[in-house]
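A short reminder: the numbers here are calculations on the coordinates, not readings from a lab. Worth saying up front: this structure is predicted, and the values here are computed from it rather than measured. Cβ sites come from the backbone with ideal geometry, for glycine too, and all protein chains shown count toward neighbours.
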Amino acid sequence: MPKYMLIMRGTDESNAAMMADIDEMMASTHQFIEEMVKAGVLLAAEGLDDPARSVVVDFSGEVPVVTDGPYGETKELFGGFFLLDVASGQEAVEWAKRVPAAPGAKIEVRRVPGNDEVPQVDE
């Protein structure tokens with residue numbers, strides 16, 4: 001079965017709304033994860049730390065440059081993911097529609113190619 005990643009993308013506003021009622025959001029997310037486990041589709045799920053604690057390694061120059069924090073101007077930030085093993089992209093979309101998310105957040109659904117689809121280097 002193909003794998004799909006549900007990528008959680010939030011804005012400052014949606015992240016603030018989520019934090020305003022974090023206990024309810026955590027309970028809803030825990031229940032959602034349990035549903036995916038019971039359905040046998042969840043392979044992995046992770047959330048990310050505060051973007052203010054991140055660094056960016058920029059390869060646009062001759063030497064990589066490391067800066068604090070997320071990209072200079074961001075409208076949306078990658079906040080975490082669910083990795084699912086489902087029968088189709090449509091099934092992944094149906095799961096994505098059930099993700100507990102704050103208003104303004106988005107869930108990007110992307111297929112993860114199998115090893116047989118990645119170009120191999122001949123040795």
> What net charge is computed for the residues neighbouring Gln90, neighbours being all others with C-beta under 12 Å from the C-beta of Gln90, Lys and Arg scored +1, Asp and Glu -1?
Replying inline: 0
> What is the magnitude of the charge dipole of the chain about its Cα centre, with +1 placed on the Cβ of each Lys and Arg, -1 on the Cβ of each Asp and Glu, and no other charges, expressed in debye to the nearest 20?
Replying inline: 400
> What is the set of long-range amide H partners of Gly80 at a cut-off below 5 Å, with H atoms built 1.01 Å from backbone N?
Replying inline: Met8, Leu48
> So what is the 222 nm mean residue ellipticity for the chain from helices alone, if each DSSP H run of at least 4 adds -39500 (n - 2.57) and you divide by all residues, rounding to the nearest 500 deg cm²/dmol?
Replying inline: -9000 deg cm²/dmol
> So, by mean Cβ neighbours within 10 angstrom, what's the order for 2-13, 111-122 with the highest one leading?
Replying inline: 2-13, 111-122
>> I'd like the Karplus ³J(HN,Hα) series for region 26-33: coefficients 6.51, -1.76, 1.60, θ = phi - 60°, whole numbers in Hz, and an x wherever there's a Gly or Pro.
In response: 5, 5, 5, 5, 4, 5, 4, 4
> Of Asn115, Pro64, Pro100, which is farthest on the positive side of the dipole of region 3-115, counting Cα position, with +1 on Lys and Arg Cβ, -1 on Asp and Glu Cβ, and the Cα centre as origin?
Replying inline: Asn115
>> Assuming 0.36 nm per residue, please report the length gained on full extension of the stretch Ile22 to Gln120 beyond their Cα-Cα distance.
In response: 30.9 nm
